[in-house]
Every structure is written in C-alpha cells, then in structure tokens.
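Peer 1: Before I ask anything, let me first share the structure, which is written out below as structure tokens.
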C-alpha cells in the first residue's frame, strides 16, 4: 500500500479503535450509575420477565461485559471489533423484536457495522 493510503488507513483505524474502546467502557460503567440514561428501559419487557435476576442486576452484568469488550478492543482490536459488532447486533435485534426504541436499534446496527469494519481493517493498519 502506498504511503499516503497507509497513513489514511491507519488514521481511520485509530479513530475507530479508540471509539470502540471508549464507548463500551463508558456505557458499561454507566450501567452502575445511570447518569447517561436509565438503561433498564431498553430491556425488551418480554425478555425482562424471563431474567433470573432483577433488571438492574442484569444491566450491571451487561456493564461488566461491555467494559471487558472495550478492553479487548484496546488489546486485540482484530478480535474485540467482532465481539463489539456481535454484541451491538444482539442489542439491536432485541430492541427490534420488541419494536421498542427503533432509533436506538438502527444506531446500534450502524455502530455494529463500524466495529466490524474496524476489525476487518485492523490487519491492514498498524
């Protein structure tokens, strides 16, 4: 790859990488404080009834998973990107299944595509 193209690819990769490090860690940490939003509202009501724990405890478990995913993206973006993409796709499908928060579902699908793209280009960058 030519120098300019390689530099551009590295810049794009770096931007995506740190986005998918920071966003999952911040969102995961917020599952414990609900400062950004009240996260329990996004749980599909029919799924909430099937949970073996309270919705608050479930969201805290989700928060831990998101924090771990952000750390994996930092350490191994070629793996972490696929994890974050899959995680966001599952969240989106859950929202779509309940026909709740369609705007958030679409946003999460777009973010999943971005995380998937970051994982794909990670081998070309760096």
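The values are calculated or read from the model by the stated rules, or taken from the named source; none is laboratory data. All values reported here derive from a predicted model rather than from experimental measurement. Neighbour counts are summed over all protein chains in view; Cβ atoms, including those assigned to glycine, are modelled from backbone coordinates with ideal geometry.
Peer 1: Within the set of pairs 6+ apart or on separate chains, which have a first residue in the stretch 45-65 that is without any contact (Cβ under 8 Å) to a residue 12 or more places away in the chain, a second that is outside any loop (DSSP other than H, G, I, E, B) and loosely packed, with under 12 Cβ neighbours inside 10 Å, and C-beta atoms under 9 Å apart?
Peer 2: Here the result reads 51/57, each pair linking the stretch 45-65 to a residue that is outside any loop (DSSP other than H, G, I, E, B) and loosely packed, with under 12 Cβ neighbours inside 10 Å.
Peer 1: Let me ask you something else. Within the stretch 67-79, identify whether any single residue is within 14 Å of the chain's Cα centre (by Cα), touching a residue at least 60 places away in the same chain (Cβ under 8 Å) and crowded, with 18+ Cβ neighbours inside 10 Å, and answer yes or no. Even if it seems obvious, please write down each step before you answer.
Peer 2: Residues of the stretch 67-79 within 14 Å of the chain's Cα centre (by Cα): 67-74, 77, 79.
If we keep only those that are touching a residue at least 60 places away in the same chain (Cβ under 8 Å) too, we end up with 77.
Add one more test, that the residue is crowded, with 18+ Cβ neighbours inside 10 Å, and what stays is 77.
Looking for residues that are within 14 Å of the chain's Cα centre (by Cα), touching a residue at least 60 places away in the same chain (Cβ under 8 Å) and crowded, with 18+ Cβ neighbours inside 10 Å, one finds at least one in the stretch 67-79, hence yes.
Peer 1: So which of 124, 96 is modelled with pLDDT under 95, more than 18 Å from residue 22 (Cβ to Cβ), in a helix (DSSP H, G or I) and over 14 Å from the mean Cα position of the chain (by Cα)?
Peer 2: Numbers: 124 fails: in a helix (DSSP H, G or I).
Sole residue among the options that is modelled with pLDDT under 95, more than 18 Å from residue 22 (Cβ to Cβ), in a helix (DSSP H, G or I) and over 14 Å from the mean Cα position of the chain (by Cα): 96.
Peer 1: Run down 60, 41 and say which single residue is farther than 29 Å from residue 121 by Cα, under 18 Å from the mean Cα position of the chain (by Cα) and modelled with pLDDT under 95.
Peer 2: On the way: 60 fails: modelled with pLDDT under 95.
Testing whether each residue is farther than 29 Å from residue 121 by Cα, under 18 Å from the mean Cα position of the chain (by Cα) and modelled with pLDDT under 95 leaves just 41.
Peer 1: Let me ask you something else. Name every residue in the stretch 7-25 that is without any contact (Cβ under 8 Å) to a residue 12 or more places away in the chain and either surrounded by 13 or more Cβ atoms within 10 Å (Cβ to Cβ) or closer than 15 Å to residue 83 by Cα (or both), in order of residue number.
Peer 2: Initially, the stretch 7-25 is screened for residues without any contact (Cβ under 8 Å) to a residue 12 or more places away in the chain, giving 7-8, 11, 15, 18.
Answer for the stretch 7-25, where residues must be without any contact (Cβ under 8 Å) to a residue 12 or more places away in the chain and either surrounded by 13 or more Cβ atoms within 10 Å (Cβ to Cβ) or closer than 15 Å to residue 83 by Cα (or both): 8, 18.
Peer 1: With respect to residue 49, is the statement that it is within 21 Å of residue 119 (Cα to Cα) and surrounded by fewer than 18 Cβ atoms within 10 Å (Cβ to Cβ) true?
Peer 2: Numbers: within 21 Å of residue 119 (Cα to Cα): no; surrounded by fewer than 18 Cβ atoms within 10 Å (Cβ to Cβ): yes.
Answer is no for this residue.
Peer 1: Among the numbered conditions (1) in contact (Cβ under 8 Å) with a residue 24 or more places away in the chain; (2) outside any loop (DSSP other than H, G, I, E, B); (3) surrounded by fewer than 13 Cβ atoms within 10 Å (Cβ to Cβ), tell me where residue 90 comes up short.
Peer 2: Unmet for residue 90, out of (1) in contact (Cβ under 8 Å) with a residue 24 or more places away in the chain; (2) outside any loop (DSSP other than H, G, I, E, B); (3) surrounded by fewer than 13 Cβ atoms within 10 Å (Cβ to Cβ): (1).
Peer 1: Can you find, within the stretch 99-119, the residue that is modelled with the lowest pLDDT among those that are over 20 Å from residue 26 (Cα atoms), surrounded by 14 or more Cβ atoms within 10 Å (Cβ to Cβ) and out of contact with any helix residue (DSSP H, G or I) (no Cβ under 6 Å at 6 or more places or on another chain)?
Peer 2: Among those residues, the one meeting the criterion is 100.
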